[in-house]
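Just below is one structure, and these are the notes that go with it.
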Amino acid sequence: MWTIRPWERWTLGIIGLVLSIGVAVSWVAWREAHADPVIARYLVPVAGIRSPVSIAFVTDTHVNQDALVSSVDTGRLRRVVGAVNALSADMVLLGGDYVATSHRSGDVSFAGAVAPFAGLRSRYGTYAVIGNHDCQEPQNTTAVMSAALSSARVVPLVNRSVQTGLVQVAGLDDLWCGESDIGTASRAISASSGRPVVLVSHNPDVFPSVPSGIALTLAGHTHAAQIVPPLIGPIVSVSRYGQRYRYGMIVEKGRRMIVSSGIGGLPLRLNAAPEIVLVTLRPTATGSSGEPEASRSR
């Protein structure tokens, strides 16, 4: 008869505990990745604006029909579109990485991945940049992606800017697989006629090169590190600057950038909840001194 020695009992107990914790954490991470996106609200004082302007920012939707590849399929993206519309923002900005290509049966074409954006509604329209997952596929040329976005009632901003409402919006091509031209930002400032300029870049690593005249930079790409274990912190970085631009409001030399955790990606998230960003640009108070502070809430 086989007798379990005390040390073997302890070993089996520890293995069972580790496995149980692993299963529990995986379940929590799966639930978080598939939860309704939270609304991350920012209030940003800017000069040169007469009245408040609200901007909804959505990034990293990573659409794929295979649940093992991404937490977002076309059905969930339509629900996200509904949640954005419920915010009644003045404009919607999209931050890139609309596809999650795995070369399996669940893949969705770029046109199919952005088609649900046709349902977005706002006063000044929807504007979009391209991400690295979009342009890394050979068939997704700039012309093809721009045409697909236009068909979805989205204005593509690839190294160019447009005046919309009370602000100038500029968008950069992707830093990794596109031809990101930071000179777009300076040209947007010149064309703004004193209006605040909002710059959209999929990758936050452009921030050190952003000129001081930009009122706000919006970026995604990092997924807020995707998995952030308690007591350990983020263990993955997709930025050359490590965790410096991982998430949230970053202020450097008087310039501001908001990095969103995005919506989709791998079907596991831990302490990096999917989110929709809602930014309200408000006029700087008359007679205020010093650099006005931005605020954030959920």
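The values are calculated or read from the model by the stated rules, or taken from the named source; none is laboratory data. What you see is a predicted model, and the numbers here were worked out from it, not measured in a lab. Because the Cβ atoms are built from the backbone with ideal geometry, glycine has one as well, and the counts that use them run over all protein chains shown.
The set of residues from the stretch 141-159 being of a type in the set (S, T, N, Q) and either under 17 Å from PHE57 (Cβ atoms) or without any contact (Cβ under 8 Å) to a residue 40 or more places away in the chain (or both) comprises THR141, THR142, SER146, SER150, ASN159. Within the stretch 29-40, the set of residues being among the small types (Gly, Ala, Ser), surrounded by 19 or more Cβ atoms within 10 Å (Cβ to Cβ), modelled with pLDDT of 95 or more and touching a Pro at 6+ places or on another chain (Cβ under 9 Å) comprises ALA33 only.
Residues are listed down the side, and each one gets a yes or a no for (1) in contact with a His (Cβ under 8 Å, 6 or more places away or on another chain); (2) at pLDDT 95 or above; (3) within 22 Å of PRO274 (Cβ to Cβ); (4) outside any loop (DSSP other than H, G, I, E, B):
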| site | (1), (2), (3), (4) |
| --- | --- |
| LEU12 | no, no, no, yes |
| LEU19 | no, no, no, yes |
| TRP27 | no, no, yes, yes |
| TYR42 | no, yes, yes, yes |
| SER54 | no, yes, yes, yes |
| LEU68 | no, no, yes, no |
| SER88 | no, yes, yes, no |
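Every listed requirement among (1) in contact with a Ser or Thr (Cβ under 9 Å, 6 or more places away or on another chain); (2) surrounded by 20 or more Cβ atoms within 10 Å (Cβ to Cβ) is met by ARG195 save one, (1). If you go through the stretch 169-183 and keep only what is touching a Leu at 6+ places or on another chain (Cβ under 6 Å) and surrounded by fewer than 24 Cβ atoms within 10 Å (Cβ to Cβ), you end up with just SER180. Residue-level check: of (1) surrounded by fewer than 24 Cβ atoms within 10 Å (Cβ to Cβ); (2) at pLDDT 95 or above; (3) of a type in the set (A, V, I, L, M, F, W, C), LEU166 misses just (2).
Just one of the numbered conditions (1) without any contact (Cβ under 8 Å) to a residue 24 or more places away in the chain; (2) under 30 Å from PRO208 (Cβ atoms) is not true of GLN136: (1). Considering the stretch 206-298, the qualifying strands (runs of 3 or more DSSP E), each wholly inside and each with 3 or more residues that are modelled with pLDDT under 95, run over 295-297.
Here the condition is being within 22 Å of VAL198 (Cα to Cα) and either assigned to a helix (DSSP H, G or I) or in contact with a Pro (Cβ under 8 Å, 6 or more places away or on another chain) (or both); of SER122, SER146, it holds for SER146 alone.
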